[in-house]
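Here's the structure we're looking at; comments come further down.
The values are calculated or read from the model by the stated rules, or taken from the named source; none is laboratory data. These numbers were taken from a predicted model, which means no experiment stands behind them. Using ideal geometry, Cβ is built from the backbone for each residue, glycine included, and neighbour counts are taken over all protein chains shown. Ligands, DNA and RNA are stripped out before the accessible areas are found, and what is left, the full protein with its side chains, is counted by its heavy atoms. Shrake-Rupley method; radii C 1.70, N 1.55, O 1.52, S 1.80 Å.
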Amino acid sequence: MPVAGVVDGDTVTVRLGGQKERVRVIGIDTPELRGDECYARQAASRMQSLVQSREVQLVTDPPQGDRDRYGRLLRHVRLADGRSAAKVLLEEGFAREYTYRRAYEGQAEYRAAEAAAQKSHAGLWGACPASPRRGPSTSARPTPSTTSRRPADAPKGDRPAGGSCDIKGNINRRGEKIYHVPGGRSYARTTIDTSRGERMFCSESEARAAGWRAARD
């Protein structure tokens, strides 16, 4: 089916049954156009170049459900050549991998694509001061704990490489609060779900002060 429009880097519009439907692309999160977030325009433009007025295949992923809480269809978007639009954006650094509660088909490949883009500083990983992971894009702005702003009192000698807020504060199944720093063994595969109380930190001391401990890796 042809794509009728591109809302932003991770949301497109299609026509189904004579009406327009918004489709939230599974597995990625891109900067929001509202508020002109870093690399939002580039991400939307790249998605547009891939799908605008072109035939795509929408693929369901049962564990993800049919729609999100905003009423958008949840689908994988396959291009005419069979590639995943989401994976292309991840490989080129236009998006971050995003898992909402349950694993989706292709998750491992998406995470590997994101890790490779991070390593090569592709796209937003090189252009933006920080690229924290957050929930699916909505009309709401991200909370202060997930923005790239650094607290003024963060100790200068206790910040991650690059001075960005990219320490991941994860909560495991036992309820333990554990933070992961860039380069750690579990960093790339750790996701942040703010609805569970997880968050990003700008320094290890900030994480410890909030009750998180360092990962043992």
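For (1) among the hydroxyl-bearing types (S, T, Y); (2) under 17 Å from A40 (Cβ atoms); (3) over 21 Å from the mean Cα position of the chain (by Cα); (4) modelled with pLDDT of 50 or more, each residue gets a yes or a no:
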{"position": "G123", "(1), (2), (3), (4)": "no, yes, no, yes"}
{"position": "C128", "(1), (2), (3), (4)": "no, yes, no, yes"}
{"position": "P160", "(1), (2), (3), (4)": "no, no, no, no"}
{"position": "R173", "(1), (2), (3), (4)": "no, no, yes, yes"}
{"position": "E198", "(1), (2), (3), (4)": "no, no, no, yes"}
{"position": "A214", "(1), (2), (3), (4)": "no, no, yes, yes"}
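Listed by position, the strands (runs of 3 or more DSSP E) contained in the stretch 16-124 that have at least 1 residues being under 30 Å from R185 (Cβ atoms) are 19-25, 73-78.
Selection of first residues in the stretch 13-25 that are under 19 Å from S84 (Cβ atoms) and of second residues that are open to solvent by 60 Å² or more (accessible area, probe 1.4 Å) and part of a strand (DSSP E or B), restricted to Cβ pairs under 7 Å at least 6 apart or on distinct chains, gives the following pairs, ordered by first then second residue: T13/K20; T13/R22. Would a scan of the stretch 141-149 turn up a residue that is open to solvent by 20 Å² or more (accessible area, probe 1.4 Å) and at pLDDT 50 or above? No, there is no match, as no residue in the stretch 141-149 is open to solvent by 20 Å² or more (accessible area, probe 1.4 Å) and at pLDDT 50 or above. Checking each residue in the stretch 169-202 for being touching a strand residue (DSSP E or B) at 6+ places or on another chain (Cβ under 7 Å) and small (G, A, S) picks out G169, S186, G197. R216 fulfils the conditions (1) exposed (fewer than 15 other Cβ atoms within 10 Å of the Cβ); (2) in contact (Cβ under 8 Å) with a residue 12 or more places away in the chain except for a single criterion, (2).
Selection over the stretch 60-93 of residues that are open to solvent by less than 30 Å² (accessible area, probe 1.4 Å) and small (G, A, S) gives a count of 4.
Which of the following residues is in contact with a His (Cβ under 8 Å, 6 or more places away or on another chain) and crowded, with 16+ Cβ neighbours inside 10 Å: G123, G106? Just a single option satisfies the conditions, and that option is G106. Candidates A95, A80, A115: the one that is of a type in the set (G, A, S), over 10 Å from I26 (Cα atoms) and in contact with a helix residue (DSSP H, G or I) (Cβ under 6 Å, 6 or more places away or on another chain) is A95.
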